[in-house]
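The block underneath contains the structure these notes are about, expressed in structure tokens.
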Amino acid sequence: MYFEHMFGLMYHPKEEWAEIKKENYSVSHVYFSHLIFLAALPPLALLIGTTQVGWSLSGTSYIKLTMDSAIPIAVAFYFALLVGVWFMAYCVHWMEKTFGADASMERCIVFTVFTSTPMFFAGLAGLLPILWLDFFVVLAAVVYTVYLLYIGVPIFMDIPEERGFIFASSILTVGLCVLVGMMAVTVIMWGMGFQPGYTPA
């Protein structure tokens with residue numbers, strides 16, 4: 001059912017959000033049936049891409065990471081995605097009363113996972129880690145994720161579109177703050193010995 005909704009969001013998001021709203025999901029069901037697999041796509045793709053193909057700015061010369069340094073980074077990235085989704089759902093749940101919504105934490109997690117699905121699938125671009133290519137793939141995913149957010153909030157949270165727009169903007173702001181925070185944590189972890197190692201040229 002999840003994948004039917006996921007593809008439905010690609011073709012007719014308004015109708016699909018209305019259908020998703022009728023479903024009953026538990027936190028454990030969302031995490032263990034969907035999110036643990038979705039969140040594995042970007043780290044796994046980047047692990048394979050950076051160690052087997054190598055990073056490239058232009059697609060001509062490649063720099064490969066060692067498997068020993070890439071595995072801890074991929075594992076940390078995976079758990080960061082799981083925690084990040086939960087934190088975003090918590091923030092949505094925390095803010096919803098301000099905007100007149102009344103959704104449970106379970107529904108906020110469902111909303112967060114469905115909204116961020118394009119970003120997870122965009123992570124598959126890491127299999128071919130060419131910087132300019134990955135940039136445009138991720139940019140397209142970000143644009144569609146933001147579109148799903150603004151379309152979905154009024155429908156899923158059952159609030160007027162005017163309030164939904166402000167609510168969605170607040171969620172987007174929190175998401176940007178979380179992204180900056182994850183970048184800061186990455187820098188700190190690199191300083192603690194998680195920096196990537198490169199294979200000899």
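The values are calculated or read from the model by the stated rules, or taken from the named source; none is laboratory data. The model shown is predicted, which means the values in this text are computed figures rather than measured ones. Note: ideal-geometry Cβ built from the backbone for every residue, glycine included; neighbour counts use all protein chains shown. When the accessible area is computed, the model is the full protein with side chains, heavy atoms only, and any ligands, DNA or RNA have been set aside. Shrake-Rupley method; radii C 1.70, N 1.55, O 1.52, S 1.80 Å.
Please name whichever of T112, W132, P160 sits farthest to the positive end of the charge dipole of the chain, dipole taken about the Cα centre and charges placed at Cβ: Lys and Arg +1, Asp and Glu -1.
The one lying farthest along the dipole's positive direction is W132.
Given R₀ = 41 Å, what would the calculated FRET efficiency be for Y62 paired with S33, taking r from the Cβ atoms and rounding to 0.05?
It comes out at approximately 0.65.
Which distance in nm do the two modelled labels at H5 and C177 give, with both placed 7 Å along the Cα-to-Cβ direction?
2.7 nm
Quote the FRET efficiency, to the nearest 0.05, computed for W132 versus N24 with a Förster distance R0 of 41 Å and r equal to the Cβ-Cβ distance.
So, using R0 = 41 Å, E works out to roughly 0.45.
Lysines within cross-link reach of K14: Cα-Cα under 30 Å, excluding same-chain residues under 8 positions apart?
K22, K97
May I ask for the net charge around I155, where only other residues with Cβ less than 15 Å from the Cβ of I155 are counted and Lys, Arg are +1 while Asp, Glu are -1?
Value of the local net charge: -4.
Which residues does the label zone of W94 cover in region 147-181, counting backbone N under 18 Å from a point 7 Å along Cα→Cβ?
167-181
Would you work out what percent of the accessible area of the chain, with all protein chains in place, is carbon or sulfur (probe 1.4 Å)?
Roughly 74 percent, rounded to a whole number.
What GluC sites (Glu not before Pro) in region 1-55 are in a loop by DSSP, with at most 16 other Cβ atoms within 10 Å of the Cβ?
Those satisfying the criteria are E23.
Tell me, what is the 1.4 Å probe accessible area of L131, in Å² to the nearest 10?
L131 has an accessible surface of roughly 90 Å² with all protein chains in place.
Please give the FRET efficiency for H12 paired with S104, using the beta carbon to beta carbon distance and R0 = 30 Å, rounded to the nearest 0.05.
Computed FRET efficiency for H12 and S104 comes out at 0.70.
Once you have the Kirkwood Rh of the chain from its Cα pairs, apply Stokes-Einstein at 10 °C and 1.306 mPa s and quote D in µm²/s.
Stokes-Einstein gives a translational diffusion coefficient of 89 µm²/s.
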